[in-house]
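No lab work stands behind these numbers, since they all come straight from the coordinates. The model shown is predicted, which means the values in this text are computed figures rather than measured ones. Quick reminder, even Gly has a Cβ in these numbers, built from the backbone with ideal geometry, and neighbours come from all protein chains shown.
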Amino acid sequence: MAHTILVVEDEEVTSNLLKEILERENYKVLLAPTAFRARGLLSKNSPDLIILDRRLPDQDGLELCKEIRQRDKGKGVPVLFLTAKKSIADKVTGLSLGGDDYLVKPFDAQELLARVEALLRRRISQEDAPAVLQSGDLKLDLTRIQAFLKGKPLKLWPKEFEILRALLEKKGRVLSREFLLQSVWGYEKELHITSKTVDVTMSRLRKKLGSFGDKIFFIKGYGYRLDE
Ligand code: CA
């Protein structure tokens with residue numbers, strides 16, 4: 001079933017662009033140019049994700065987010081803030097008011113989609129996704145956030161666990177470093193994390209996995225893939 005995304009944005013160029021990018025990936029998109037319209041749509045729809053502009057003509061995006069969070073229906077909905085402001089202070093405020101991630105305009109389509117996918121995945125894993133992911137001798141308990149190799153618990157750093165989770169969820173598919181940066185490191189991107197970080201973490205992770213690590217392939221110029 002297609003995920004529904006509510007886009008609250010008053011600039012038509014931006015909202016049309018968002019709609020186009022998201023619909024190309026088969027998301028169902030609802031557009032609201034004002035907070036008022038967003039409230040109306042929210043009373044009749046239950047979007048899986050909300051993309052919210054900080055500066056709306058009738059209300060501060062932060063205020064609207066706070067309001068959505070206070071409703072029963074809106075509590076678990078991930079919110080991706082969209083803003084032209086670049087200051088870290090704004091970013092922190094946005095997140096502390098219940099926004100889950102932050103994207104600065106102008107944005108890149110790939111970056112947007114990676115964030116959207118990561119937020120939706122986080123939400124699904126909290127709701128009804130399987131609590132365990134398995135591939136061969138490797139098992140990830142997503143409830144306890146613990147990895148097991150041949151039944152023995154592995155000591156992993158959080159990012160290593162998240163990388164494994166991404167690889168297992170998309171077994172057989174190549175995950176680009178850019179995708180891993182966005183989905184595993186998320187909005188820490190601005191903290192000077194580069195694709196080198198992915199490689200370093202990946203090589204550390206492979207060592208910890210012993211012979212299972214050989215199932216993780218590096219495809220030069222593309223990224224990483226886990227094979228069965
Ligand atoms: Ca605006």
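General remarks:
- Contact map, the stretch 131-152: first residue free of Cβ contacts under 8 Å to residues at least 24 places away in the same chain and within 18 Å of ALA166 (Cβ to Cβ), second residue of a type in the set (Ser, Thr, Tyr) and assigned to a strand (DSSP E or B), Cβ cut-off under 8 Å, separation 6 or more or different chains; the map is empty.
- Summed over the stretch 132-160, the residues that are hydrophobic (A, V, I, L, M, F, W, C) and buried (at least 19 other Cβ atoms within 10 Å of the Cβ) give a count of 6.
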